[in-house]
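The values are calculated or read from the model by the stated rules, or taken from the named source; none is laboratory data. Just so it is clear, the structure is predicted and the values come from calculations on it, not from any experiment. Positions of Cβ are generated from backbone atoms using ideal geometry, with glycine treated the same way; all protein chains shown enter the neighbour counts. These accessible areas exclude ligands, DNA and RNA; they are computed on the full protein's heavy atoms, side chains included. Shrake-Rupley method; radii C 1.70, N 1.55, O 1.52, S 1.80 Å.
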Amino acid sequence: MSSEQGGAAGELQCESHVLAVDDSSVDRALVAHLLRSSKLRVTTVDSGRRALDLLGMEKNVSMIITDYWMPEMTGLELLKKIKGSSELKGIPVVIMSSENVPNRIRTCLDEGAEDFLLKPLQPSDVSRLCSRVLR
């Protein structure tokens with residue numbers, strides 16, 4: 001688990017805390033770099049279970065961005081647990097995947113995901129999240 005603030009100056013200056021969840025260390029690093037370049041505070045974890053543990057302790061998370069395919073708990077399962085919690089359900093959840101599967105995307109959005117992004121994450125995706133999700 002890592003938490004840092006800062007990075008290179010980005011287009012948007014939103015000061016929010018994002019929890020990034022991905023079992024791939026490469027994808028976690030890329031997501032964290034892109035989010036930090038937009039001046040977001042980022043904490044990364046490698047599983048849905050660790051995300052839930054962190055959310056139990058950390059009360060100021062502004063958004064969760066999670067991979068869809070992870071061992072033990074998928075991003076969809078994590079989304080359902082968050083949306084089923086009276087304490088956490090207000091936190092926007094964004095799901096990302098390298099697979100463009102319309103039924104999966106629709107299911108995630110129907111279950112309460114704020115957005116569904118295709119990997120690899122792009123700077124334009126982060127700008128959109130800052131303006132749309134982290135208003």
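Restricting the search to region 89-135, which residues are out of contact with any strand residue (DSSP E or B) (no Cβ under 8 Å at 6 or more places or on another chain), surrounded by fewer than 18 Cβ atoms within 10 Å (Cβ to Cβ) and either of a type in the set (A, V, I, L, M, F, W, C) or under 18 Å from LEU54 (Cβ atoms) (or both)? Scanning region 89-135 gives LYS89, GLY90, VAL101.
Figure legend. Inter-residue proximity from region 71-93: first residues closer than 18 Å to SER16 by Cβ and in contact (Cβ under 8 Å) with a residue 24 or more places away in the chain, second residues open to solvent by less than 70 Å² (accessible area, probe 1.4 Å) and in a helix (DSSP H, G or I), beta-carbon distance below 6 Å, spacing 6+ or different chains. Indicated pairs: LEU88/LEU55; LEU88/ILE82; VAL93/LEU79; VAL93/ILE82. Considering only residues that are farther than 23 Å from GLU15 by Cα and of a type in the set (Ser, Thr, Tyr), look in region 43-87 and name the one that is most open to solvent (accessible area, probe 1.4 Å). Only one residue fits best here, namely SER86. The number of residues in region 1-41 being surrounded by 15 or more Cβ atoms within 10 Å (Cβ to Cβ), hydroxyl-bearing (Ser, Thr, Tyr) and modelled with pLDDT of 95 or more comes to 1. Pairing each residue of region 44-65 that is closer than 8 Å to VAL18 by Cα with any residue that is part of a loop (DSSP other than H, G, I, E, B) and among the β-branched types (Val, Ile, Thr), provided the two are 6+ apart or on different chains, yields C-beta distances under 6 Å for VAL61/ILE91; MET63/VAL133; ILE64/ILE91.
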